[in-house]
1. Where the second residue is crowded, with 18+ Cβ neighbours inside 10 Å and modelled with pLDDT of 90 or more and the first is more than 22 Å from Asn33 (Cα to Cα) and lies in the range 46-73, which pairs have Cβ atoms under 6 Å and are six or more apart or on separate chains?
2. Scan (1) at pLDDT below 90; (2) of a type in the set (Val, Ile, Thr); (3) assigned to a helix (DSSP H, G or I) for the single condition Val45 breaks and write down its number.
3. How many residues does the range 173-182 hold that are in contact with a Ser or Thr (Cβ under 9 Å, 6 or more places away or on another chain) and buried (at least 17 other Cβ atoms within 10 Å of the Cβ)?
4. Just give me the residues in the range 111-137 being modelled with pLDDT of 85 or more and under 18 Å from Asp86 (Cα atoms), in sequence order.
5. Spot the failing condition for Leu140; the list is (1) under 14 Å from the mean Cα position of the chain (by Cα); (2) at pLDDT 85 or above; (3) under 21 Å from Phe41 (Cβ atoms), and only one is missed.
6. Any chance the range 148-160 includes a residue that's at pLDDT below 90 and part of a loop (DSSP other than H, G, I, E, B)?
7. Go through the range 147-182 and report how many residues are closer than 16 Å to Asp38 by Cβ and β-branched (Val, Ile, Thr).
Amino acid sequence: MTSGGRSRTAPSGPRSAESPERAARVLVAGVGNIFLRDDGFGPEVARRLAAETPAMRDVRFVDYGIRGMHLAYDLLGGVDVLVLVDAVPPDAAGVTAPGSIRVLRVRPEDLGRGASLDPHGMDPVAVLGRLRSLGGELPLTYVVGCVPADVAEGIGLSDAVTAAVPEAIAVVGSLLDQHTTT
């Protein structure tokens, strides 16, 4: 995969929707703006996963950057599990240190109706919240997030967020182990 948004997908043979052995169709989506320092966390994790992970049946790693409409339409194409990788704000429960990794499970009731989709931007809540109005359903969704240290203009992750990338890759790997077959 490249930062241009291309994905790496392992070829898969025919499958039946009724087959219990059917692997889940998993999309690992890196989102964020690489020109706002730590907001580029999601694209960096997606890029590294695509480069370092052996090909897996029915798993795609995609750097969506700030292309929210692209993500929305890809979700309409049939995804069973979405792992969204993004920079996330500190939480009220005390996870505030830059570089801290948080894993969140997103449910439809967490999203409300969602804001309007911006064809030139990325608001994950708006993208996921609008799936139903586009004719889709929210798949089983996780957010693997990292608390940023610096979201000022600039290219490159801060030291704290760079150090968190391997942990995020391991967390995504664990989620893939739970939701894929070999």
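1. Asp58/Arg25; Val59/Val26
2. Among (1) at pLDDT below 90; (2) of a type in the set (Val, Ile, Thr); (3) assigned to a helix (DSSP H, G or I), Val45 violates only (1).
3. Matching residues across the range 173-182 total 1.
4. Listed by number, the list holds a single entry, Leu128.
5. (3)
6. No, the range 148-160 has no match at all.
7. 6
So that you can scan it fast, the table gives a plain yes or no per residue for (1) modelled with pLDDT of 95 or more; (2) in a loop (DSSP other than H, G, I, E, B):
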residue	(1), (2)
Ser3	no, yes
Ser16	no, yes
Gly30	yes, no
Phe41	yes, no
Ala55	no, yes
Tyr73	no, no
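The values are calculated or read from the model by the stated rules, or taken from the named source; none is laboratory data. Being a predicted model, the structure only gives us computed values, none of them experimental. When we count neighbours, we look across all protein chains shown, and the Cβ atoms used for this are built from the backbone with ideal geometry, even at glycine.
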